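Shown next, in structure tokens, is the structure this report addresses.
Every number here is computed from the coordinates shown, using simple stated rules; none is lab data. The model shown is predicted, which means the values in this text are computed figures rather than measured ones. No Cβ is skipped: glycine too gets one built from the backbone with ideal geometry, and neighbour counts run over all protein chains shown.
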Ligand SMILES: Nc1ncnc2c1ncn2[C@@H]1O[C@H](COP(=O)(O)OP(=O)(O)OP(=O)(O)O)[C@@H](O)[C@H]1O
Ligand SMILES: [Mg+2]
């Protein structure tokens, strides 16, 4: 798997989860994850990363490292109030935009299309990362979706699980 090199100490092949001990470690992991999932893929719809975890679990922190892995140069901030932020991707051939959404205030499919996310998720040139994805679970695509769950262990420690 892609993160063996990063965290051979913590890697668990059965549950695909990793323990991080700081925000920096979470960013570094998210960066490697972004690099790995955007390598040589040909897709018919966007890549969607569905992030879940309680308030302060580290979803936005993860998104910042993830964006760095895509080559996004701008500073990634929480889209709590605007709901969706769009960033340009220059480094990757087939991906043009990174969308970072926060669905904390949304309820289901209608809301997802009303903020334009349904269209965004249908376009193979996009990579979409959604905080509070479980709020809109039914509106998420079945294909090309990766679930990432952040679990708060203690002040500096998080468990990050993939799929
Ligand atoms: N191992 C870790 N991984 C990620 N963040 C950590 C870790 N240890 C401490 N932190 C801190 O936890 C906080 C996580 O905040 P962040 O905004 O990323 O959470 P969030 O899940 O996006 O919250 P919200 O639900 O409000 O959007 C940051 O202050 C970060 O520095
Ligand atoms: Mg957040």
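Placing a label point 7 Å from the Cα of residue 90 along the Cα-to-Cβ direction, the residues of the range 56-74 with a backbone N closer than 15 Å are 68-74. If R0 is 25 Å, what FRET efficiency do you get for residue 16 and residue 110 from their C-beta distance, rounded to 0.05? Rounded to the nearest 0.05, the efficiency is 0.15.
From its DSSP helices (H runs of at least four residues, each -39,500 (n - 2.57)), the chain gives a residue-normalised ellipticity at 222 nm of -7000 deg cm²/dmol. Just to verify a number: FRET efficiency for residue 137 and residue 24, C-beta to C-beta distance, R0 = 35 Å, to 0.05? Once rounded, the FRET efficiency stands at 0.70.
Among beta bridges from DSSP that stay inside the range 86-163, the antiparallel ones total about 60%.
Ranking 26, 80 by Cβ neighbours within 10 Å, fewest first, what do you get?
Numbers: 26 23, 80 12.
Least to most surrounded, the residues fall as 80, 26.
For the chain, the longest principal axis of the alpha carbon atoms and the long axis of helix 59-70 meet at an angle near 80°. Along the Cα-to-Cβ line of residue 54, 7 Å from the Cα, sits a label point; which residues in the range 144-163 have backbone N less than 20 Å from it? So the set is 148-162. Could you tell me what percent of the DSSP beta bridges with both partners in the range 14-163 are antiparallel, to the nearest 5? Around 50 percent antiparallel, to the nearest 5. Using Cα springs under 10 Å in a Gaussian network model of the chain, which residue among 58, 69, 116 shows the largest mean-square fluctuation? With Cα springs under 10 Å in the chain, the top fluctuation among 58, 69, 116 is at 116.
The value obtained for the range 94-163, namely the Cα convex hull volume divided by the number of residues, is 107 Å³ per residue. Exposure proxy shown here: for 68, 25, 125, the number of other Cβ atoms within 10 Å sets the order, fewest to most, as 125, 68, 25.
Shown for 152, 99: other C-beta atoms within 10 Å of each C-beta, ranked fewest to most, produce the order 152, 99. Taking all Cα-Cα distances within the range 20-162, those exceeding 19 Å account for 46%.
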